[in-house]
Amino acid sequence: MTRNLILSFESSCDETSVAVIENGDTILSNIVATQIKSHQRFGGVVPEVASRHHIEQITSCIEDALNQAEVDYDDLTAVAVTYGPGLVGALLIGVTAAKVVAWAHGLPLIPVNHLAGHIYAAHLVEPIEFPAMALVVSGGHTELVYMPTENKFEIIGETRDDAAGEAYDKIGRVLGINYPAGKPVDEMAHRGHDTFKFPRAMDNDESFDFSFSGLKSAFINTVHHADQIHKQLNKDDLAASFQQAVIDVLSDKTVRALHDYPVKQLILAGGVAANKGLRDRLTEDMKHFSQTKLELVPLSLCGDNAAMIGAAGEMLYRHHVRADATLNADPGLEFDWLKQPQSIE
Amino acid sequence: MKILAIDTSNRPLSVAVMDDDNLLAETTLTTHRKHAEFLMPVIEDLVKKADLVPTDLDRVVVAAGPGSYTGIRMAVTAAKTIAATLHIELTMVSSLLTLCLNVSRPNVFLNPIFDGRNQNMFTGLYKLDDTGRPVTVIEDQHTNLTDWVKLLNHYDEKIMIMGDTAAFESQLRESLADRLIIADKLTDIPNAARLGNYGRSLAPVSNIDAVVPRYLRLTKAEADWQKVHPNEDTHHYVEKI
Ligand SMILES: [Zn+2]
């Protein structure tokens, strides 16, 4: 069997990443240049600054990825790239570089949806079994994705306002924590207790959609009110109460979705999937689903990285999904096109 | 030497494939702004029409800015990735100087202008040397019309403006009067063949990975931050993990 080697690109937000993936499931290299320190100066990702950093990093990431994988362009099967959703100016750097490499070396180009990438991070640990369900939670997304078969993605629930990770960053700011706030809030939550009992938005709602802006407002109002009457609130308890509300809603909706859509595998993916509280809770909940295996994406692959894009790219490659040199960034890309892939059979 | 020359600094897109100073194929478009969609197909098409394959190329010459941020990023990302992935040379040229390559008239100063919005401009002042190559009189910069006119008033030469001049013409006419010459419309559009020919004799950059566009202007976030942190090293904010 010949090696299938995919050179993959990811630049949708504040990480420039290039990876080499063998046969869709083995990471030969996964170079990630993170801009977090730069954007921390501004308290969040500044799109123009992100684009400028991507262009500084892109070619050295390609070289490092090939060197570390000990492969050359001649060995490659295809080039895969995230083309959305994300920041348009950031996406364009990866898309342009990927198009150049594909053209210069006569390789097929595979367009990858960033969310499919997050889900396929799980494939790098264990083959995804269908039907499968994925809970994708990150700074930009909170989505329940049902996958009846390979290369079919159906969003059955999504956030109606803030993404979960976005809510963490916003309440983090109120607690005096710089972006990204996910990890510090998670740590504080483990030292505190759910004493504030914030609202669980839409928890009893029929739909599988999420909403976090009400929780965020309740949190901010509680802190502001205490400030006005000069009352000190326990920050660990605030963090614990916020996190508990987020986790309750995420896990309740997921559990309900699993009743309606019995699946072989539940995948927890995305930056917020690194949250220990959420991982523990889903692990506990899943004990009641003997037919469904829980796949927690490893911490090293929860954040944005090109390895996951290579894994999804390999699957799309097998399904004959291709792009040509006109491929553009699509900042608002949705899953719809994946339901009916533009196949060249 | 087989040369690929690229300019997408502003609305026009111009790409050329050269063999030394012979033009093999060239495309210049002004009808759209979709450089993200058009640049690579145009490059593919021209290299093919020149009867070459990518690995035949020896050098990429790119108009690296100033200009629209997205435009110069497209050109520079494509150019540096082509050079890096094919292990060939990369040469960067000012996008303002590139417009001066359209002019052969001696004894006037050349003043290319790109609109920076709100009376701001990216501009520089050039003249042609004895061999007809543009040389810098005033460095490329991001400035406003008032300050720029003060600089121009230090000279007595006639000044030919080109580029996105419409927003500035009447005020420049007021202060420069008879010294002002407005170039014809074709001079406003970069010509990649001339860019490639000019870049042919320049030294290639030594570190392709480090190449970035010539923005000539900090992002607002960065500028505000530097005001508050004047002594901080602004490099090394990105790290490979
Ligand atoms: Zn992501």
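The values are calculated or read from the model by the stated rules, or taken from the named source; none is laboratory data. Quick caveat, the model's predicted, so the values are computed rather than measured. Cβ placement follows ideal geometry from the backbone for every residue including glycine, while neighbour counts extend to all protein chains displayed. Just the protein is used for accessible areas: all its heavy atoms, side chains included, with ligands, DNA and RNA removed. Shrake-Rupley method; radii C 1.70, N 1.55, O 1.52, S 1.80 Å.
Please give the strands (runs of 3 or more DSSP E) falling wholly within the range A:9-87 in which 3 or more residues are open to solvent by 20 Å² or more (accessible area, probe 1.4 Å). Steps first, please.
Working: elements: A:15-22, A:26-34, A:78-84.
Qualifying strands (runs of 3 or more DSSP E): A:26-34.
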Problem - Listing of helices (runs of 4 or more DSSP H) fully contained in the range B:26-128 that carry 1 or more residues being in contact (Cβ under 8 Å) with a residue 24 or more places away in the chain and within 14 Å of chain A (Cβ to nearest Cβ) - result: B:35-49, B:69-86
Problem - Unique match (being part of a helix (DSSP H, G or I) and either within 16 Å of the ligand (Cβ to nearest atom) or without any contact (Cβ under 8 Å) to a residue 40 or more places away in the chain (or both)) among A:R281, A:R256 - result: A:R281
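Of all residues in the range A:103-128, which are more than 9 Å from chain B (Cβ to nearest Cβ) and more than 23 Å from A:A269 (Cβ to Cβ)? Don't jump to the end; show me each part of the working.
Keep residues of the range A:103-128 that are more than 9 Å from chain B (Cβ to nearest Cβ), which gives A:107-128.
Scanning the range A:103-128 gives A:L107, A:P108, A:L109.
Return yes or no: is A:L115 out of contact with any Ser or Thr (no Cβ under 8 Å at 6 or more places or on another chain) and within 12 Å of the ligand (Cβ to nearest atom)?
Details: out of contact with any Ser or Thr (no Cβ under 8 Å at 6 or more places or on another chain): yes; within 12 Å of the ligand (Cβ to nearest atom): yes.
Yes: the conditions hold for A:L115.
Residue by residue, here is whether (1) in a helix (DSSP H, G or I); (2) open to solvent by 80 Å² or more (accessible area, probe 1.4 Å); (3) without any contact (Cβ under 8 Å) to a residue 40 or more places away in the chain holds:
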site: B:V135; (1), (2), (3): no, no, yes
site: B:T143; (1), (2), (3): no, no, yes
site: B:S175; (1), (2), (3): yes, no, yes
site: B:P204; (1), (2), (3): no, no, no
site: B:R217; (1), (2), (3): no, yes, no
site: B:Q226; (1), (2), (3): yes, no, yes
site: B:P230; (1), (2), (3): no, yes, yes
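What residue, of A:A167, A:A132, is at pLDDT below 95, more than 14 Å from the ligand (Cβ to nearest atom) and under 18 Å from the mean Cα position of the chain (by Cα)? Step through it out loud before you land on a result.
Values: A:A132 fails: at pLDDT below 95.
None of the other options fit; the residue is A:A167.
Assess whether A:V185 counts as being touching a residue at least 12 places away in the same chain (Cβ under 8 Å), surrounded by 23 or more Cβ atoms within 10 Å (Cβ to Cβ) and touching a His at 6+ places or on another chain (Cβ under 8 Å). Before you say what the answer is, go through the steps one by one.
Working: touching a residue at least 12 places away in the same chain (Cβ under 8 Å): yes; surrounded by 23 or more Cβ atoms within 10 Å (Cβ to Cβ): yes; touching a His at 6+ places or on another chain (Cβ under 8 Å): no.
No, not satisfied.
Going through the range A:191-214 one residue at a time, which ones are in a helix (DSSP H, G or I) and modelled with pLDDT of 95 or more?
Here is the first cut: in the range A:191-214, the residues in a helix (DSSP H, G or I) are A:191, A:213-214.
Matches in the range A:191-214: A:R191 only.
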Exercise for the section: Could you please find all residues in the range B:206-241 being among the acidic types (D, E) and facing another protein chain (nearest Cβ under 10 Å)? Expected result: B:D209, B:E222, B:D224, B:E232, B:E239
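Just give me the residues in the range B:11-25 being within 14 Å of chain A (Cβ to nearest Cβ) and more than 22 Å from A:L92 (Cα to Cα), in sequence order. Explain how you work it out, then say what you get.
Going residue by residue through the range B:11-25, those that are within 14 Å of chain A (Cβ to nearest Cβ) are B:13, B:15, B:17.
The answer is B:V17, and nothing else.
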Problem - Residue check, A:A90 within 18 Å of A:N305 (Cβ to Cβ), open to solvent by less than 10 Å² (accessible area, probe 1.4 Å), at pLDDT 95 or above and away from the ligand (no atom under 13 Å from the Cβ) - result: no
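If you go through the range A:141-153 one residue at a time, do you hit one that is over 30 Å from A:H320 (Cβ atoms) and in contact with a strand residue (DSSP E or B) (Cβ under 7 Å, 6 or more places away or on another chain)? Break it down into steps so the answer makes sense when it comes.
Residues of the range A:141-153 that are over 30 Å from A:H320 (Cβ atoms), as a first pass: A:142.
Filter once more, so that each one left must be in contact with a strand residue (DSSP E or B) (Cβ under 7 Å, 6 or more places away or on another chain): A:142.
Yes, the range A:141-153 contains a residue that is over 30 Å from A:H320 (Cβ atoms) and in contact with a strand residue (DSSP E or B) (Cβ under 7 Å, 6 or more places away or on another chain).
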Handout entry: Which listed residue, of A:H105, A:H123, is open to solvent by 10 Å² or more (accessible area, probe 1.4 Å), closer than 27 Å to A:S251 by Cβ and at pLDDT 95 or above
Key = A:H123
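Can you spot a residue in the range A:139-148 that is away from the ligand (no atom under 13 Å from the Cβ), of a type in the set (F, W, Y), assigned to a loop (DSSP other than H, G, I, E, B) and away from chain B (no Cβ under 14 Å)? I'd like the intermediate steps shown before the answer.
If we filter the range A:139-148 for residues that are away from the ligand (no atom under 13 Å from the Cβ), which is where we start, we get A:144-148.
If we keep only those that are of a type in the set (F, W, Y) as well, we get A:146.
Okay, now just the ones that are also assigned to a loop (DSSP other than H, G, I, E, B), so none.
No, every residue in the range A:139-148 fails to be away from the ligand (no atom under 13 Å from the Cβ), of a type in the set (F, W, Y), assigned to a loop (DSSP other than H, G, I, E, B) and away from chain B (no Cβ under 14 Å).
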Practice task
Would you be able to tell me the number of residues in the range A:223-247 that are assigned to a helix (DSSP H, G or I) and over 20 Å from the mean Cα position of the chain (by Cα)?
Solution key: 16
Practice task
Could you check, for the range B:93-116, whether at least one of its residues is farther than 30 Å from B:A167 by Cβ and either assigned by the TED database to the domain that holds B:I6 or not hydroxyl-bearing (S, T, Y) (or both)?
Solution key: no
Handout entry: In the range A:136-175, residue farthest from A:L333 (Cα to Cα) [restricted to those that are open to solvent by 30 Å² or more (accessible area, probe 1.4 Å) and touching a Lys or Arg at 6+ places or on another chain (Cβ under 8 Å)]
Key = A:K170
Completion exercise
By residue number, the members of the range A:203-234 that are without any contact (Cβ under 8 Å) to a residue 12 or more places away in the chain, open to solvent by 30 Å² or more (accessible area, probe 1.4 Å) and small (G, A, S) are A:S217
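Mind listing just one residue for me: the one in the range A:296-317 that is open to solvent by 20 Å² or more (accessible area, probe 1.4 Å) and touching a residue at least 40 places away in the same chain (Cβ under 8 Å) and, of those, nearest to the ligand (Cβ to nearest atom)?
Step one: filter the range A:296-317 for residues open to solvent by 20 Å² or more (accessible area, probe 1.4 Å), giving A:296, A:298-300, A:303-304, A:317.
Narrowing further to those that are touching a residue at least 40 places away in the same chain (Cβ under 8 Å): A:298, A:303-304, A:317.
Details: A:P298: 15, A:G303: 7, A:D304: 4, A:Y317: 21 Å.
Selected residue: A:D304.
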Problem - Neighbours by Cβ (under 8 Å, 6+ apart or cross-chain): first from the range A:29-44, over 18 Å from B:D233 (Cα atoms) and of a type in the set (V, I, T); second at pLDDT 95 or above and part of a helix (DSSP H, G or I) - result: A:I31/A:C61; A:I31/A:D64; A:I31/A:A65; A:I31/A:Q68; A:I31/A:A306; A:V32/A:A306
Fill in the blank from the handout: Every listed condition ((1) assigned to a helix (DSSP H, G or I); (2) among the aliphatic types (A, V, I, L, M); (3) closer than 30 Å to A:E166 by Cα) holds for A:V112 save (1)
Exercise for the section: State all residues of the range A:93-102 that are closer than 15 Å to A:A329 by Cβ and either over 25 Å from the mean Cα position of the chain (by Cα) or at pLDDT below 95 (or both); if no residue qualifies, say none. Expected result: A:V100
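Can you say whether A:L327 is outside any helix (DSSP H, G or I), closer than 25 Å to A:F219 by Cβ and of a type in the set (A, V, I, L, M), as far as the supplied structure shows?
On the way: outside any helix (DSSP H, G or I): yes; closer than 25 Å to A:F219 by Cβ: no; of a type in the set (A, V, I, L, M): yes.
No; evaluated as a whole, the condition is false for this residue.
Going by what's in this entry, would A:L327 be described as within 16 Å of the ligand (Cβ to nearest atom) and within 14 Å of chain B (Cβ to nearest Cβ)?
Numbers: within 16 Å of the ligand (Cβ to nearest atom): no; within 14 Å of chain B (Cβ to nearest Cβ): yes.
No, not satisfied.
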